[in-house]
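The values are calculated or read from the model by the stated rules, or taken from the named source; none is laboratory data. The structure presented is a predicted model; accordingly, all values stated were derived computationally and were not measured. A quick note on method: Cβ atoms are made from the backbone with ideal geometry, for glycine too, and the neighbour counts reach across all protein chains shown. Ligands, DNA and RNA are excluded from the accessible area calculation, which covers all protein heavy atoms including side chains. Shrake-Rupley method; radii C 1.70, N 1.55, O 1.52, S 1.80 Å.
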Amino acid sequence: SAPLLGVAAVLGLVSGPLNRATGFDVDPGGAYANLYGERMAQASGALGWHDRGARYLAALLDKRPGDVALRERIASLHWLLRDDAAEALRVIETAPPDVAHSTPLVVARATLLATANDPQVADGAAAAAITRDLMAAFPGDGSVLELHAAALARAGRFDAAIEALDAALATLPPAGDPASGPGEEALRADWTAVRALYTRGAPKIRSPRP
């Protein structure tokens, strides 16, 4: 509930000085500082204080620049909760060289370029170049094919997008097949709805959460 979350936030705010006073922040591995940052980011997010949460997570990323999962988390926060696709892309594109080409960050960058609601960020042609490489690395992967379709659609190539999306749909078990569980059926429904967009000449655009 909101009151409990408020208490959690207050406890988080108080814990920093207490940690310093008791010596808990004297920590060679930074474990206590990391825990404090994580706790405050979570409390801020639960209360809808996404700007504050982003600052706590950015401080953690300064200490752990090679943490791919944390970088993805921050990019998603900026894009889907703060409506700042440009900052999300910056977070992804400033990853250190040793992780910049990791599959999660490559997919995240392609997804932003293909489906961002900010036209200054969206670049279907660049996204399609990335997804072509992903298709070579993961042949026959339905999610990669669907992302490639989104990139083609954002580039205005709707016929090619429909062809790629049909290939993605073909990777799913047939409807009613025992192998087709709730996850596969959800994908089928989502991709079928997206296909209808492409037939109307409209790209797939992800908007921030209300």
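Under the condition of being part of a loop (DSSP other than H, G, I, E, B), among the small types (Gly, Ala, Ser) and surrounded by fewer than 11 Cβ atoms within 10 Å (Cβ to Cβ), the residues counted in segment 185-210 number 1.
Among the residues of segment 112-148, those that are touching a residue at least 60 places away in the same chain (Cβ under 8 Å) and out of contact with any Ser or Thr (no Cβ under 9 Å at 6 or more places or on another chain) comprise Thr115, Ala116, Gly124.
Considering only residues in segment 46-93 that are touching an Asp or Glu at 6+ places or on another chain (Cβ under 7 Å) and small (Gly, Ala, Ser), the one that is farthest from Ala108 (Cα to Cα) turns out to be Gly66.
With respect to Ala86, determine if the residue is closer than 20 Å to Ala129 by Cα and touching a residue at least 24 places away in the same chain (Cβ under 8 Å). So Ala86 passes the test. Suppose the filter is under 29 Å from Arg154 (Cα atoms), part of a helix (DSSP H, G or I) and open to solvent by 50 Å² or more (accessible area, probe 1.4 Å); does Arg55 pass it? No; evaluated as a whole, the condition is false for this residue. Considering only segment 31-49, I want to know if a residue exists there that is modelled with pLDDT of 80 or more, touching a Leu at 6+ places or on another chain (Cβ under 8 Å) and either open to solvent by less than 60 Å² (accessible area, probe 1.4 Å) or not β-branched (Val, Ile, Thr) (or both). No, that holds for no residue.
For Phe138, the stated conditions do not hold, so it cannot be described as among the aromatic types (Phe, Trp, Tyr) and open to solvent by less than 50 Å² (accessible area, probe 1.4 Å). Sub-6 Å Cβ pairs linking a first residue in segment 149-162 that is free of Cβ contacts under 8 Å to residues at least 24 places away in the same chain and more than 13 Å from Ala196 (Cα to Cα) to a second residue that is in a helix (DSSP H, G or I) and open to solvent by less than 50 Å² (accessible area, probe 1.4 Å), at least 6 apart or interchain, are Ala160/Leu152, ordered by first then second residue.
This table checks each residue for (1) of a type outside the set (Phe, Trp, Tyr); (2) within 15 Å of Ala125 (Cα to Cα); (3) crowded, with 18+ Cβ neighbours inside 10 Å.
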| position | (1), (2), (3) |
| --- | --- |
| His148 | yes, yes, yes |
| Ala155 | yes, yes, yes |
| Phe158 | no, yes, yes |
| Leu165 | yes, no, yes |
| Gly176 | yes, no, no |
| Ala179 | yes, no, no |
| Gly183 | yes, no, no |
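For segment 65-98, a residue qualifies if it is surrounded by fewer than 16 Cβ atoms within 10 Å (Cβ to Cβ) and of a type in the set (A, V, I, L, M, F, W, C), and the qualifying residues are Ala69, Ala86. Looking at segment 123-135, is at least one residue open to solvent by 20 Å² or more (accessible area, probe 1.4 Å), part of a helix (DSSP H, G or I) and of a type in the set (Ser, Thr, Tyr)? Scanning segment 123-135, I find no residue that is open to solvent by 20 Å² or more (accessible area, probe 1.4 Å), part of a helix (DSSP H, G or I) and of a type in the set (Ser, Thr, Tyr), so the answer is no. Across segment 108-122, the number of residues qualifying as surrounded by fewer than 22 Cβ atoms within 10 Å (Cβ to Cβ), under 17 Å from the mean Cα position of the chain (by Cα) and not in a helix (DSSP H, G or I) comes to 4.
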